Amino acid sequence: MNIGIDKLSFYVPNLYVDMTDLAHARETDPDKFHIGIGQDKMAVSPVTQDIVTLGANAAAKILSDTDKKEIDMVIVGTESSTDYSKASAVSIHRLLGIQPFARSFEVKEACYGATAALQMAKDYISEHPTRKVLVIASDLSRYGLHSGGEPTQGAGAIAILVTSDPRILTLENDSVFLTEDIYDFWRPSYSDFPIVDGPLSNETYIQSFGKVWTRHKEVTGLALPDYDALCFHIPYTKMGKKALLSVLPETDETTQERLMKRYEESITYSRNVGNLYTGSLFLGLISLLEVSQELEVGSTIGLFSYGSGAVSEFFSARLVKGFKEQLLANEHQALLNNRKKLAIPEYEEVFSQTLPKHGEAAEFSDQTRFSIEKVENDIRYYREN
Ligand code: HMG
């Protein structure tokens with residue numbers, strides 16, 4: 001049975017910072033951000049958007065009334081949870097109007113969470129082929145003002161509808177995964193921001209890729225020429241490029257050129273958004289599918305997922321007949337093009353705003369489809385416009 005992605009979309013908040021402005025404000029050469037890190041714009045989330053509203057805004061675009069009756073599970077991959085107990089998936093389930101006899105829960109392992117959710121969804125559909133699973137990756141990637149990781153921040157969500165006989169791509173049964181207990185990036189429960197060992201995180205990312213890639217080749221017999229494109233978790237666009245460059249010498253020049261071209265297409269959206277944490281791999285996949293003119297039915301895409309801490313996975317997918325008609329390229333490109341640019345003092349103000357704590361109340365206005373309307377007695381109330 002073919003199982004995979006039937007519908008796919010993303011949502012990013014409507015505010016951004018230009019990386020040249022950020023470089024000037026931080027007395028850094030703009031080339032470091034644009035070329036050294038590979039980022040042009042960075043999404044900034046207003047206080048009225050959290051992982052619930054970002055996720056609901058992403059999913060609302062793709063779900064039909066029939067989908068809402070047929071979804072059995074809502075799984076949110078995130079590392080930006082706001083509650084130790086209640087899962088964001090429960091609120092998203094209600095906002096989207098999904099039938100009540102469903103499971104809704106969160107999964108966590110840094111940027112790897114949504115990949116775990118996707119594989120769990122695939123396993124569920126193999127037992128329940130007439131049903132559907134909604135996977136959401138939703139995060140606010142925040143390192144703090146003036147921090148080393150500041151140019152690699154971002155925010156946004158991905159929504160993935162997993163079904164049998166999918167209309168975008170099938171997920172192959174070839175996953176190779178790896179767990180290594182390290183501290184390259186982590187966020188203690190008391191802290192608003194992660195602690196990160198930048199050089200170690202870069203090193204572990206590359207080494208993890210090398211390990212799962214090598215084992216995947218051994219298990220499947222597939223090598224670089226068998227792939228039409230490779231997609232990577234993209235904490236910043238230079239990172240995936242380094243991973244790709246580490247294996248390109250394994251193949252001929254034509255394949256190298258093809259994979260580099262596809263990689264550039266896969267980072268088009270991320271260059272303008274930044275790190276989505278658990279959604280980053282899938283933003284790369286959407287960018288590849290919507291920007292590239294070279295992919296066709298049967299094209300094979302390899303995907304590398306990495307979550308600090310660290311868990312990684314390499315798996316492959318195959319495009320199916322009619323995949324182009326399922327994409328939301330125009331809508332996504334309009335979303336990116338119609339955002340408001342923030343001057344650096346405005347960004348610093350927006351970034352520093354927080355929701356009330358300890359039972360205090362506040363009301364907000366935001367024209368987005370789903371947003372936070374008010375906070376009262378430590379409950380977030382959501383508005384649908
Ligand atoms: P840094 O110290 O600001 O930068 O840290 P750098 O000095 O390492 O320079 C970065 C690159 O810019 C270098 O290129 C420089 O040469 C170049 P490279 O050697 O890497 O090819 N450069 C310039 N290029 C052109 N013109 C110039 C110029 N100056 C310098 N004038 C770092 C950068 C990414 C480490 C930092 O921003 C950071 O800590 N970010 C957060 C951590 C991160 O993203 N790690 C990635 C791997 S871990 C991961 O992916 C998981 C994660 O998503 C979390 C999760 O799983 O939940 C992060």
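The values are calculated or read from the model by the stated rules, or taken from the named source; none is laboratory data. Model, not experiment: these values are computed from the prediction. Counting neighbours? That spans all protein chains shown, and the Cβs are built from the backbone with ideal geometry, glycine included. Surface accessibility is based on the protein's heavy atoms, side chains included, excluding ligands, DNA and RNA. Shrake-Rupley method; radii C 1.70, N 1.55, O 1.52, S 1.80 Å.
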Residues whose built amide H sits under 5 Å from the amide H of Asn275, excluding neighbours closer than 5 in sequence, are Gln153, Gly154
Placing each pseudo-label 7 Å from Cα in the direction of the beta carbon, His24 and Arg94 end up separated by a distance in nanometres of 4.6
Quick shape check on the range 236-294: root eigenvalues a ≥ b ≥ c of the Cα gyration tensor, a/c under 1.5 is rounded, otherwise prolate if a/b tops b/c, else oblate, and it reads oblate
Mean accessible area per residue over the range 171-323 (1.4 angstrom probe, all protein chains present, square angstrom) is 40
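Over 20 Å between Cα atoms: which of Lys241/Lys341; Lys32/Lys242; Lys68/Lys132 fall into that group?
Lys241/Lys341
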Karplus-derived 3J(HN,Hα) from phi for the range 341-352 (6.51 cos²θ - 1.76 cosθ + 1.60, θ = phi - 60°), whole Hz, x at Gly and Pro, runs 7, 9, 6, 4, x, 5, 4, 5, 6, 4, 4, 8
Zone reached by a paramagnetic label modelled 7 Å from Asp252 Cα along Cα→Cβ, restricted to the range 192-236 with backbone N below 13 Å, covers 224-226
Taking 44-50, 224-230, 34-40, 83-89 and ranking on average Cβ neighbours within 10 Å, highest first, one gets 44-50, 224-230, 34-40, 83-89
Karplus ³J(HN,Hα) for the range 255-264 (6.51 cos²θ - 1.76 cosθ + 1.60, θ = phi - 60°; Hz, whole; x = Gly/Pro) runs 5, 4, 5, 4, 5, 5, 4, 5, 4, 4
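Counting every Cα pair in the chain, what percent are over 36 Å apart?
Here the tail beyond 36 Å accounts for 17 percent of pairs.
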A correct Karplus calculation of ³J(HN,Hα) over the range 140-148, with 6.51 cos²θ - 1.76 cosθ + 1.60, θ = phi - 60°, whole Hz and x for Gly and Pro, returns 10, 8, 9, 10, x, 5, 6, 7, x
Computed from every Cα-Cα pair in the range 171-323, P(r) in 5 Å bins starting at 0 and rounded to whole percents is 2, 9, 19, 22, 21, 14, 7, 3, 2, 0, 0
Taking a straight Cα-to-Cα line shorter than 19 Å from Lys374, and setting aside same-chain lysines fewer than 8 residues away, one finds Lys86, Lys357
Any residue on another chain or 5+ positions along whose placed amide H is under 5 Å from the amide H of Glu109 is listed here as Thr78
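As a test of reading the structure, rank Arg215, Arg369, Arg142 by solvent-accessible area (1.4 Å probe, protein chains only), most first. Intermediate results must be reported in sequence, preceding the final value.
Working: Arg215 140, Arg369 105, Arg142 70 Å².
Of Arg215, Arg369, Arg142, the descending order of accessible area is Arg215, Arg369, Arg142.
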At R0 = 35 Å the Cβ-Cβ FRET efficiency linking Thr220 and Thr66, nearest 0.05, sits at 0.50
Relative contact order of the range 159-229 (C-alpha contacts under 8 Å, at least 6 apart) in percent is 27
From DSSP H assignment alone, runs of 4+ in the chain each adding -39500 (n - 2.57), the sum over residues rounded to the nearest 500 puts [θ] at 222 nm at -10000 deg cm²/dmol
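Roughly how many percent of the accessible protein surface of the range 1-141 is carbon and sulfur, given a 1.4 Å probe and a whole-percent answer?
Carbon-and-sulfur percentage of accessible area, whole number: 50.
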Taking protein heavy atoms only, a 1.4 Å probe, and rounding to whole percent, the accessible area of the range 171-323 owed to carbon and sulfur comes out at 50
Given a Förster distance of 45 Å, the FRET efficiency implied by the Cβ-Cβ spacing of Ser126 and Glu348, rounded to the nearest 0.05, works out to 0.40
Dividing the mean separation of Cα pairs under 8 Å (6+ apart) by the residue count of the range 171-323 yields a relative contact order in percent of 35
For the range 250-338 the trypsin sites (Lys or Arg not before Pro) that pass both the DSSP coil test and the at-most-11 other-Cβ-within-10 Å test are Lys321
Under 5 Å from the placed amide H of Ala229, counting only residues 5+ away or on other chains, we find Thr300, Gly302
Net charge near Tyr269 (other residues with Cβ under 13 Å of its Cβ; Lys, Arg +1; Asp, Glu -1) is -2
For the range 268-385 the mean separation of alpha carbon contacts under 8 Å (6+ apart) over residue count, i.e. relative contact order in percent, is 14
